[in-house]
Amino acid sequence: MKTAPMDLGDDYTLGTGMAELPIQTAVSDAFGDSYREGLIRAHDLLTTLRESGALSLVDLGTGPGLSLRIGMEILQPGHARGTDTALFDWLDAARRTVGRAAQLTDDDVRNLQVEDGSVHALSGRLILGHLKNHPSALRHWAGKLADKGVMTLTEFAGVSIPPAKMWPENMHDVRNAVIAYYDSYEQAWAADGKDLFAGFALAYDVARGELPDERLVHGEANLTPIPKTLEELAYVFEQRLKGITDTWRKVGRDDRAEAIQAIVTPEILDKMRAVATDWDGVRWIASTVVLQKGESAR
Ligand SMILES: C[S@@+](CC[C@H](N)C(=O)[O-])C[C@H]1O[C@@H](n2cnc3c(N)ncnc32)[C@H](O)[C@@H]1O
């Protein structure tokens, strides 16, 4: 699998105008680099279609609109549409992010209300892992693409944590907490019938030449390691801890909710924050796949 070069320099690069957004969205935009690279590749692959007229873009699982905005900036579509089943919750935020330039709908991404074969670019960031049956969603999307249309998907693909010997002695309990957190996160996801690493599975298949639908004839997979400082991780943990413990309680596993709360304590979070902020040992891995529909389709 191709691994993209890593930029260990400054903060994450954000799209034009993204830097003006508050830090909360910047943190959740950690997958922006990988996504942007995938869309630039999609832009190249869409050249022939662009020559024959304006492009249409559909963003899958738009949420606050960050992925849609990046897609609009890079692909410059004639028509842009974002869809999210929780549109009601996100409408104001999404409007602030994309302005009036895009249509927003509440379609379920597994049942898009657009004509088969009509969409030139389909893009999604952090949507696949939310679906219980992502292979069937991928086939549905392949049906919506026009010939030579391109799908770009960026997903959370895992976390890499350096071996214990690379951590300072007094930080081993922090390392254990990081591992326990991610284990619990993955299990909570699985208890809900979903695959947290759906993006990794897809990228792996695509890298081996196995495309998710026979109408898709070209695929590229790319893994991007994203260094995190412990300070950022502490922030993310704090935000996510509630979601994970709630999920455990929902499935009747209060014991697990309590166990994870006992591991990732406020003291651990303080300890993470106290370490130099340029410590870049833990990496999230983002996967991006770019898939193109063939001329011989249908
Ligand atoms: C992690 S957010 C990603 C937001 C956005 N793509 C971005 O990059 O800023 C995932 C979004 O997918 C939406 N979602 C989950 N399942 C969905 C479905 N079946 N149909 C439509 N939207 C869905 C959620 O409501 C949520 O807003």
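As a length-normalised measure over Cα pairs under 8 Å and 6 or more apart, the relative contact order of the chain settles at 22 percent. Phi angles across the range 150-155 convert, under the Karplus curve 6.51 cos²θ - 1.76 cosθ + 1.60 with θ = phi - 60°, into 3J(HN,Hα) values of 10, 10, 10, 10, 10, 9 Hz, Gly and Pro given as x. Mind checking which of VAL217, LEU230, VAL251 is farthest towards the positive end of the range 208-265's charge dipole, using Cβ charges of +1 (Lys, Arg) and -1 (Asp, Glu) about the Cα centre? Going by the charge dipole, the pick is VAL251. A dipole drawn for the range 106-149 from +1 and -1 charges on Cβ atoms has a positive end, and of GLY129, ALA146, VAL114 the residue lying farthest that way is GLY129. Listed by chain and number, the lysines placed with their C-alpha closer than 16 angstrom to that of LYS271 are LYS228; residues fewer than eight positions away on the same chain are left out. Taking one equal scatterer on every alpha-carbon of the range 144-266, how large is log10 of I(q)/I(0) by Debye at q = 0.10, 0.12, 0.18, 0.21 1/Å? Values, matching the q order: -0.44, -0.60, -1.03, -1.20. Note on THR48 and ASP205: the extension gain reaches 53.8 nm, defined as 0.36 nm multiplied by sequence separation minus the Cα-Cα distance. Helix 198-207 versus the longest principal axis of the chain: what angle, 0 to 90°, nearest 10, using Cα atoms? Orientation of helix 198-207: about 60 degrees from the principal axis.
For the chain, the longest principal axis of the C-alpha atoms and the axis of helix 254-263 are separated by about 70°.
Among THR245, THR47, THR224, the residue with the largest mean-square fluctuation in a Gaussian network model of the chain, with springs joining Cα atoms closer than 10 Å, is THR47.
Between GLU231 and LYS132, what is the FRET efficiency for a Förster distance of 25 Å, r being their Cβ-Cβ separation, to the nearest 0.05? After rounding to 0.05, the efficiency reads 0.15. For LYS144, the lysines whose Cα comes closer than 26 Å to its Cα, not counting residues fewer than 8 places off in the same chain, are LYS132, LYS194, LYS293. Take 119-130, 232-243, 247-258 and order them by the average number of nearby Cβ atoms within 10 Å per residue, most first; the result is 119-130, 232-243, 247-258.
For the range 235-251, putting each phi into the Karplus relation 6.51 cos²θ - 1.76 cosθ + 1.60 with θ = phi - 60° gives couplings of 4, 5, 4, 4, 5, 8, 3, 5, x, 5, 5, 4, 4, 4, 5, 4, 9 Hz, in residue order, rounded to whole numbers and with x for Gly and Pro. Taking every pair of distinct Cα atoms and averaging 1/r, then inverting, what Kirkwood hydrodynamic radius in Å comes out for the chain? About 20.0 Å for the chain. Amide H contacts for VAL282 (H built 1.01 Å from N in the peptide plane; partners 5 or more residues away or on another chain; cut-off under 5 Å): LYS228. Roughly how tilted is helix 32-45, in degrees to the nearest 10 and between 0 and 90, from the longest Cα axis of the chain? Taking Cα atoms only, the helix is inclined about 20 degrees.
Bear in mind these aren't lab numbers, they're just calculated from the coordinates by the rules spelled out. The structure presented is a predicted model; accordingly, all values stated were derived computationally and were not measured. A quick note on method: Cβ atoms are made from the backbone with ideal geometry, for glycine too, and the neighbour counts reach across all protein chains shown.
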